[in-house]
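> If you scroll down you'll find the structure; I have some questions about it.
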Amino acid sequence: MKIYNCNVCDELIYFENTQCLNCGSLLGYLPVLDTMSSLEAIDGSLWKTLTPEARGDLYRKCHNYKEENVCNWMIPMDDMNAFCLSCRLDEIIPDLSISENREYWRRLEEAKRRLVYSLLRLGLPLRNKQEDPENGLGFAFLAEDKKPRIKESRKVITGHAQGKITINISEANDAIREKMRLNLNERYRTLLGHFRHEIGHYYWFLFIGKNRGLLSQFRDVFGNEQENYNQALKHYYSEGASADWQQQFVSAYASSHPWEDWAESWAHYLHMFDTLETARAWGLTVRFKKGNELRAIHLEHNLLSFEEMRNQWIYLSCSLNSLNRSMGMKDVYPFVWSETAIEKLRFIQQVIITLKER
């Protein structure tokens with residue numbers, strides 16, 4: 001994530017902000033230009049941008065910004081869509097007649113916009129179901145229907161199927177998500193992590209499964225996805241991961257099936273990509289002692305060099321974990337990669353570069 005500043009007073013602003021806390025200027029994100037902009041009202045529906053990249057250009061607020069206050073993205077004046085690039089991916093939103101669902105929806109949209117930001121930065125294709133009904137991407141944010149007098153309530157499983165990503169909105173409840181993390185003995189479980197994992201399934205569906213060459217390479221690295229998926233998950237949830245899972249996988253859940261191995265590895269690549277970009281934007285340098293020599297790594301990510309990204313990530317994640325421990329908090333990144341896991345992450349970068357160059 002880049003660093004943004006208010007165009008009026010130059011105060012630091014964040015990706016989620018709708019207003020500068022220093023001067024009060026209204027803010028909006030311009031996805032086409034990848035920048036936050038201060039805005040000047042023209043009339044009730046049009047806003048003039050003040051960012052140097054598009055000074056004076058006219059934009060409209062996304063419907064979910066203007067009417068629902070769960071978005072801060074803008075739409076160019078000549079784009080007739082009522083929703084921004086991120087919100088038009090929504091197919092089902094939570095029932096807003098239930099009071100807590102609006103807050104859950106806000107958190108879901110916030111995580112999704114961070115995901116979309118990374119996908120745009122990586123140059124990955126991003127088409128919605130209206131543009132491409134067969135291969136486009138859509139999100140359904142659903143709640144379980146829990147009725148005590150009915151034996152069978154509707155169970156909502158977070159997952160992906162044919163371009164549709166379903167998220168159980170209870171994942172936006174911190175207490176429930178932490179309880180699930182503990183019950184499943186997971187080291188890491190976040191809302192953004194779910195989005196990054198499920199989008200990995202989508203890109204496998206979109207590019208790997210339909211490309212014989214990439215599918216063959218995938219099987220060489222991750223294994224045969226034709227293994228019965230339901231039986232594999234049933235075995236994982238009943239028996240757990242093998243004791244030596246860290247020798248081959250980025251997480252215990254990745255050991256359940258090659259599809260999950262790919263999605264978990266994909267999510268970890270996005271963790272690394274976005275966090276390194278943020279570290280670079282803040283000008284972070286990691287200094288460490290090796291033997292008697294003091295070394296420094298100036299953090300930046302380079303999509304063309306996985307080895308450099310890996311080395312920078314090792315030192316950055318170690319420093320972040322140490323900072324968290326100083327605050328009495330758990331590790332930001334509680335994982336250690338094996339050489340096999342590194343090969344999987346390297347393959348994912350190669351796939352991304354291939355897609356970017358198309």
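The values are calculated or read from the model by the stated rules, or taken from the named source; none is laboratory data. Here the structure is a predicted model, which means the values were calculated and not measured. Every residue, glycine among them, receives a Cβ derived from its backbone with ideal geometry; neighbour counts consider all protein chains shown. Side chains are part of the model used for accessible areas, which takes the heavy atoms of the whole protein and leaves out ligands, DNA and RNA. Shrake-Rupley method; radii C 1.70, N 1.55, O 1.52, S 1.80 Å.
> What is the projected area of the convex hull of the Cα atoms of the range 174-244, averaged over all directions, in nm²?
Result: a mean projected hull area of 6.1 nm².
> Largest first and to the nearest Å, give the Cα extent of the chain along each principal axis.
Computed over the Cα atoms, the extents are 68, 62, 46 Å.
> I would also like to ask the following. Under 13 Å from the Cβ of Ser38, count the other residues' Cβ atoms, weight Lys and Arg +1, Asp and Glu -1, and hand me the total.
-3
> Also, quick follow-up: Regarding the range 10-58, what whole-number volume in Å³ per residue does the convex hull of its Cα atoms give?
Residue-normalised Cα hull volume stands at 81 Å³.
> Okay, next question. Take the Cβ-Cβ distance between Glu178 and Glu11 as r, set R0 to 35 Å, and report the resulting FRET efficiency rounded to the nearest 0.05.
It comes out at approximately 0.55.
> Additional query: Report in % the part of the accessible area of the range 287-358 that belongs to carbon and sulfur, leaving out ligands and nucleic acids; probe 1.4 Å.
53 percent
> Further, regarding this structure: How much area per residue is accessible in the chain when the probe is 1.4 Å and only protein heavy atoms are counted (Å²)? Kindly include the intermediate steps, with their values, before the conclusion.
Working: 18390 Å² over 358 residues.
Result: 51 Å² per residue.
> Within the range 1-27, find all residues whose amide N lies under 17 Å from a label point positioned 7 Å from the Cα of Lys356 along Cα-to-beta-carbon.
1-2
> Using a 7 Å offset from the Cα along the Cα-to-Cβ direction at both His298 and Arg55, what is the distance between the two label points in nm, to one decimal?
Calculated label separation equals 2.9 nm.
> Using Cα-Cα distances under 8 Å and only pairs 6 or more residues apart, what relative contact order does the chain have, in percent?
In percent, rounded to a whole number, it is 11.
> Students often check this: by mean Cβ neighbours within 10 Å, which of 188-196, 259-267 ranks highest, and how do the rest follow?
Highest-to-lowest ranking by the protection proxy: 259-267, 188-196.
> Quick check of the Kirkwood formula: for the range 25-81, what is the inverse mean of 1/r over all pairs of different Cα atoms, in Å?
Result for the range 25-81, one decimal place: 11.0 Å.
> Out of the total accessible area of the range 1-73 (probe 1.4 Å, heavy atoms of protein only), what percent is carbon and sulfur?
Whole-percent figure for carbon plus sulfur exposure: 45.
> When the Kirkwood radius is taken over all Cα pairs of the range 33-116, what Stokes-Einstein diffusion coefficient follows at 10 °C and 1.306 mPa s, in µm²/s?
In µm²/s, the coefficient rounds to 116.
> Please grab the % of Cα pairs in the range 301-346 that end up more than 11 Å from each other. Please report the intermediate quantities before stating the final value.
On the way: 714 of 1035 pairs.
Summing the P(r) of the range 301-346 above 11 Å gives 69 percent of all pairs.
> Restricting things to alpha carbons, tell me how big the range 246-346 is in terms of Rg and Dmax, in Å.
14.3, 44
> Stretch His63-Arg154 to full length: gain in nm at 0.36 nm per residue minus the Cα-Cα span?
29.8 nm
> Restricting to DSSP H runs of at least four residues, report the calculated mean residue ellipticity at 222 nm for the chain, -39500 (n - 2.57) per run over all residues, nearest 500 deg cm²/dmol.
-12500 deg cm²/dmol
> Let a ≥ b ≥ c be the square roots of the eigenvalues of the Cα gyration tensor of the range 156-287; is it rounded (a/c under 1.5), or, if not, prolate (a/b larger than b/c) or oblate?
Since a/c stays below 1.5, the shape of the range 156-287 is classed as rounded.
> In the range 65-151, which trypsin sites (Lys or Arg not before Pro) are in a loop and have at most 12 other Cβ atoms within 10 Å, using DSSP for the loop call? Don't skip to the answer; put the middle values down first.
Details: sites: Lys66, Arg88, Arg102, Arg106, Arg107, Lys112, Arg113, Arg114, Arg121, Arg127, Lys129, Lys146, Arg149, Lys151; in loops: Arg127, Lys129, Lys146, Arg149, Lys151.
Listed in order of number, the matching sites are Lys146, Arg149, Lys151.
> Pairs Lys155/Lys234; Lys61/Lys164; Lys155/Lys179; Lys234/Lys344; Lys61/Lys112: which exceed 21 Å Cα-Cα?
Lys61/Lys164; Lys234/Lys344
> Do you know the relative contact order of the range 115-224, to the nearest whole percent, from alpha carbon pairs under 8 angstrom that are 6+ apart? Walk me through the numbers before you get to the answer.
Values: 107 pairs, mean separation 21.1, N = 110.
In percent, rounded to a whole number, it is 19.
> If you take the square roots of the eigenvalues of the alpha-carbon gyration tensor of the range 132-211 and sort them as a ≥ b ≥ c, do you get rounded (a/c under 1.5), prolate (a/b over b/c) or oblate?
Working: a/c = 2.61, a/b = 1.47, b/c = 1.78.
Oblate, since a/c reaches 1.5 and b/c is not below a/b.
> Right, another one. Give the lysines whose C-alpha is closer than 26 Å to that of Lys289, dropping any in the same chain fewer than 8 places away, or say none.
Lys330
> When the convex hull of the Cα atoms of the range 1-149 is projected onto a plane and the area is averaged over all directions, what value comes out in nm²?
10.8 nm²
> I'd like the distance between the alpha-carbon centres of the range 74-121 and the range 245-305, rounded to an integer number of Å.
28 Å
> Based on alpha-carbon positions alone, could you give the equivalent ellipsoid semi-axes of the range 89-183 from the gyration tensor, as √(5λ), descending, whole Å?
26, 16, 13
> A follow-up question, please. R0 = 56 Å: FRET efficiency of Thr18 with Gln226, Cβ-based, nearest 0.05?
The computed FRET efficiency comes out at 0.75.
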